[in-house]
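**Student:** I'd like to ask you about the structure that follows.
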Amino acid sequence: MLKRGQAAVILYDRDLPGRDWREALPMLAQAGPVILTSRVNDQYLWEELVRQGGYDVLAKPLQEDLTVRFVNLAWSYFWNTI
């Protein structure tokens, strides 16, 4: 996917087996805004994500209305600033 170019918004699971989100984030953030999904949702995680180039943290289990809102905000912010 990343080889094809930009992504509108990327949802990435913090607890994806076999992959640390911190390692994947720099590569993903080059393609579009990254929203990290996580059962852990605290200020420390958000600050670490933003410091490394991510956009926001979305709590799991995902709720449709919040997910749509986060994706729309990330898309609007990212694509209106480049």
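The values are calculated or read from the model by the stated rules, or taken from the named source; none is laboratory data. Given the structure is predicted, the values throughout are model-derived calculations rather than measurements. Using ideal geometry, Cβ is built from the backbone for each residue, glycine included, and neighbour counts are taken over all protein chains shown. These accessible areas exclude ligands, DNA and RNA; they are computed on the full protein's heavy atoms, side chains included. Shrake-Rupley method; radii C 1.70, N 1.55, O 1.52, S 1.80 Å.
**Student:** Would you mind checking which residues have amide H under 5 Å from residue 58's amide H? H placed 1.01 Å from N; only 5 or more apart, or other chain.
**Tutor:** For residue 58, whose amide H was placed from the backbone, the distant partners under 5 Å are 36, 37, 38.
**Student:** Explain nothing, just the number: dipole magnitude of the chain about its Cα centre with +1 on each Lys and Arg Cβ and -1 on each Asp and Glu Cβ, in debye rounded to the nearest 20.
**Tutor:** Magnitude of the dipole: close to 280 debye.
**Student:** Follow-up. Rank 52, 30, 63 by mean-square fluctuation in a GNM of the chain with C-alpha springs under 10 angstrom and give only the top-ranked residue.
**Tutor:** In the Gaussian network model the winner is 63.
**Student:** Taking only Cα atoms and a 10 Å spring cutoff, compute GNM fluctuations for the chain and point out the largest among 22, 51, 14.
**Tutor:** Largest GNM mean-square fluctuation: 51.
**Student:** Could I ask something else about it? Name the residue, out of 11, 36, 58, whose mean-square fluctuation peaks in a Gaussian network model built on the chain with Cα pairs under 10 Å.
**Tutor:** 11
**Student:** Contact order normalised by length for the chain, with contacts defined as Cα pairs under 8 Å and 6 or more residues apart; what percent is it?
**Tutor:** Taking the mean separation of contacting Cα pairs over the length of the chain, I get 28 percent.
**Student:** Could I ask something else about it? Given a 1.4 Å probe, how much area per residue of the chain is accessible, in Å²?
**Tutor:** 66
**Student:** Something else about it: With θ set to phi - 60° and the Karplus curve 6.51 cos²θ - 1.76 cosθ + 1.60, what are the ³J(HN,Hα) couplings of region 57-65 in order, to the nearest whole Hz, using x for Gly and Pro?
**Tutor:** 10, 10, 6, 9, x, 5, 10, 3, 5
**Student:** To continue, here is another question. Check which residues have an amide H placed less than 5 Å from residue 32's amide H, if you skip close sequence neighbours.
**Tutor:** It is 7, by chain and number.
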